[in-house]
Structure formats: C-alpha cells, structure tokens
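Please treat every number below as a calculation from the coordinates, not as lab data. Everything numeric here is computed off the predicted structure, so don't read it as measured data. Here the Cβ is made from the backbone with ideal geometry for all residues, glycine too, and neighbour counts use every protein chain on show.
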Amino acid sequence: MIKKVAILANGGDVSGFNAVIRAIVKTAENNGIECYGFIDGYNGLLKNDYVKLSTANDQSASGILPKGGSIIGSSTNANVFNYKVEENGQIVYKDLSDICVENVKKDGFDCLFTLGGDGTQKSARDFSTKGINVIGVPKTIDNDVACTEITFGYNTAVSVATEALDRLHTTGETHHRIMVLEVMGRYAGWIALESAIAGGADIALIPEIPYDINKAVKKINKRRKAGKQFSVVVVAEGAAPKDGEITIMGKRDNGVGVDNTKLGGVGQVVARELEKLTGLEARNTTLGYMQRGGTPTAFDRVLSTKYGSKAMELAIEGKYGVLTVIKNGKLDYVSLEDVVGKNTKIGAVSGNTAESNIRRVTMDHDLVKTARNIGICLGD
C-alpha cells in the first residue's frame with residue numbers, strides 16, 4: 001500500500017492544472033495517502049524543492065478548482081536529462097536525472113505524477129526506465145498528446161478563442177474588413193479548427209494542411225459576390241504556405257531536449273497578403289497567452305478532476321509507467337512507451353521531429369469533415 005506521493009506540473013500553463021492537483025490530493029486523502037508537490041516542475045524535482053499539499057482546514061489544495069495556472073508552478077525549460085549548466089564560464093549540458101531519482105527515493109515517494117504535454121511525458125517515460133513509479137496526466141492547450149482523445153486545458157483555450165471570434169465578427173461586419181485571429185497550437189491545428197467551427201469562421205488555416213493563399217482569396221471573393229463584405233479567418237501559429245516555412249519569432253535557448261522554436265507572426269503575414277490580394281482592409285489579432293490563463297471551463301474542471309482521480313486510482317492499484325487517457329470517450333490508461341512511440345532515446349528532443357509522437361489533426365477526422373461540409377475553407 002502506497003503511503004506518500006508527489007505531483008509535478010510541467011510545461012506551459014493551462015487552465016485545469018489546479019483541478020487535477022486537487023483531484024489527486026482529495027483522492028489520496030480519502031485513502032490515507034500523503035501528497036506533496038514539487039515546485040516549478042522538473043526544476044523542483046532536481047532541486048528537491050517540494051511542499052505538502054492538503055485540502056484540510058483551507059490548506060494549499062483547498063479552493064483551487066476554479067483557479068487558473070498551477071499553485072505549484074511549472075517549468076518550460078527543464079529537461080533534466082540534458083540540463084543546461086555553467087562550468088568554468090562555459091555552457092554545457094549534463095544528464096542530471098540520477099539526482100532526481102535519488103531525491104525521489106530519499107524523500108520516500110511511492111509514485112510521481114507528471115502533469116504535462118509530450119515533452120513532460122517523454123521525461124516521465126525516461127524516469128520510468130530508471131525505476132521510478134510514474135503516472136502521467138495529459139496536459140496542453142494544443143491537444144497534441146498521443147494516445148488520448150483530449151487533454152485538459154484544451155477546451156478552455158477553444159472557448160477563449162471562440163469568444164474572440166464572436167467579438168471579431170461584429171467589428172469585421174461593421175467596418176467591412178477581413179478579421180484574422182492567430183491562435184496557439186504549435187504543430188497541431190486542433191484549437192484553430194474547433195474554434196473556427198464554433199465561432200463561425202470562414203477560413204481556417206492549420207499546420208496539417210499547407211495553405212494556398214489564393215484559395216482563401218477565392219473564398220473571400222465568393223462571399224463578396226454574395227453581398228458579405230467581411231470575412232473571418234482563423235490561423236494556427238504553426239500554419240505554413242505550400243512550399244513555404246513556418247513563421248517563427250525566434251529561437252530560445254532553453255537547452256537540449258526541448259523545443260526551442262518560438263512560433264508566432266503568421267497571422268500578420270496572412271492579413272497582409274489577404275489585404276493586398278483582395279483590396280479589403282485586413283486586421284490581425286494574436287490571442288496569445290489569453291488562451292492559457294484564467295478560470296477553466298466546466299468541461300475542463302470535470303475532465304481534470306476525472307484525470308486526477310483516475311491517476312491516483314492507478315497508483316493505488318500499482319499500475320505505473322502509464323498515462324491516463326480518454327479512449328473511446330471513457331477513462332483509460334496506456335503505457336508511456338506507447339505515448340513516446342519511436343522517440344525512445346533517453347533525453348531525446350520533443351516536439352516537431354520525425355521521432356515525435358504528437359497527435360495531429362488527420363484528414364478523416366470529424367472536425368475536418370464538418371468544416372468542409374459547412375463551407376469553411378481550409379486553404380487547399
């Protein structure tokens with residue numbers, strides 16, 4: 001019987017982090033298990049910096065269900081298997097994972113819960129190979145974690161994007177403009193596609209379909225002939241034109257084994273091109289971190305609670321080295337080996353690589369079929 005567990009939240013923040021933490025803690029407490037949280041993701045695991053988590057007497061994990069972000073912080077630059085350190089004035093990268101393993105053993109944690117996306121779960125799998133009892137929970141607004149139908153945080157991001165589209169509709173219609181909304185999602189178009197359907201957009205450009213800007217122009221001109229002098233366009237930050245490259249804002253130096261590409265700017269590129277080719281004024285809005293912050297939707301609160309409760313249930317049953325998932329609409333779990341797929345090298349890079357196993361939009365998905373059926377132009 002396990003007695004003591006720890007949680008870490010890693011990667012970009014999402015609405016739902018705290019709901020998962022709360023569910024793990026409450027399920028643990030109902031089974032007489034102590035719960036702790038590492039501060040700032042894998043950085044906290046490396047530094048052995050953790051706090052007690054409890055819902056008793058208005059303690060740390062009480063009242064956090066509607067709160068955005070993570071009460072135990074998170075990190076976007078901590079691959080402890082290739083960790084950036086300075087030695088003798090030089091930057092080098094070292095595998096410091098054994099320190100983390102020793103910390104877990106020394107602290108007496110029977111299980112480590114890793115709340116995060118593909119990079120976080122890649123490291124979770126690597127720790128699993130080192131003998132640590134790990135259970136992952138799939139987090140990301142991008143909805144791109146392999147082997148699950150939905151990640152927590154995604155629904156809230158889509159809801160924020162949809163509200164933005166509702167507002168852009170009115171100003172676009174008033175001033176006869178093309179309104180472009182750039183949304184997050186990195187290399188997956190889930191947010192762009194679903195918010196385009198929910199928000200009544202006319203065009204949706206996603207990473208999975210290299211776009212022809214002339215197809216978008218054709219759609220806009222068709223609307224103009226029908227008497228509609230405005231159009232609404234959703235662009236995923238990872239969208240790219242045919243025979244073109246993804247638009248990037250620059251490169252970060254967060255170390256080896258993390259995706260250092262800083263995406264952004266494609267919305268402005270698309271707006272300029274559409275204005276030039278159609279003669280209509282075009283305005284771009286980049287939603288940015290608005291999609292990550294704030295209170296989670298009711299859907300995400302429930303999903304996060306289900307995920308957290310299931311994770312603790314799996315720990316009690318002694319099922320480790322797994323990721324909690326939604327499969328065929330029901331709670332389930334899969335091996336972390338299945339989640340990382342071919343990306344099996346210890347400390348390997350996560351993200352947009354041939355070895356990565358992120359979940360992208362497929363052309364036979366219901367969202368793609370629905371978008372086409374109702375006349376949304378996908379740029380092809």
Out of L367, L112, L181, any idea which swings most in a Gaussian network model of the chain, alpha carbons joined below 10 Å? L367
Which lysines have a Cα less than 23 Å from the Cα of K276, not counting those fewer than 8 places away in the same chain? K215, K218, K219, K222, K225, K228, K242
Kirkwood-Stokes translational diffusion coefficient of the range 172-328, alpha-carbon pairs, 20 °C, 1.002 mPa s, µm²/s: 120 µm²/s
Percent antiparallel among DSSP beta bridges confined to the chain, nearest 5, equals 35 percent
What does the C-alpha gyration tensor say about the overall shape of the range 11-63? Classify as rounded when a/c is under 1.5, otherwise prolate if a/b is larger than b/c, or oblate. oblate
Ranking M290, M312, M363 by Cβ neighbours within 10 Å, fewest first, what do you get? M363, M290, M312
What distance in nm lies between label points placed 7 Å from Cα along the C-beta direction at Q229 and V302? 4.4 nm
Leaving out same-chain residues fewer than 8 places away, which lysines sit with a Cα under 26 Å from that of K94? K47, K84, K105, K106, K122, K130, K251, K262, K342, K345
Within the range 152-263, percent of DSSP bridges classed antiparallel, to nearest 5: 25 percent
Roughly how tilted is helix 266-278, in degrees to the nearest 10 and between 0 and 90, from the longest Cα axis of the chain? 10 degrees
For helix 17-29, report the angle its Cα long axis makes with the longest principal axis of the Cα atoms of the chain; keep it between 0 and 90° and round to the nearest 10°. 30 degrees
Rounded to the nearest angstrom and ordered from largest down, what semi-axes does the equivalent ellipsoid of the chain get from its C-alpha gyration tensor (root of 5λ)? 40, 22, 17
How far is helix 97-107 tilted off the main Cα axis of the chain, in degrees rounded to 10, range 0 to 90? 50 degrees
Within the range 161-260, GluC sites (Glu not before Pro) in DSSP loop having at most 12 other beta-carbon neighbours inside 10 Å: E245
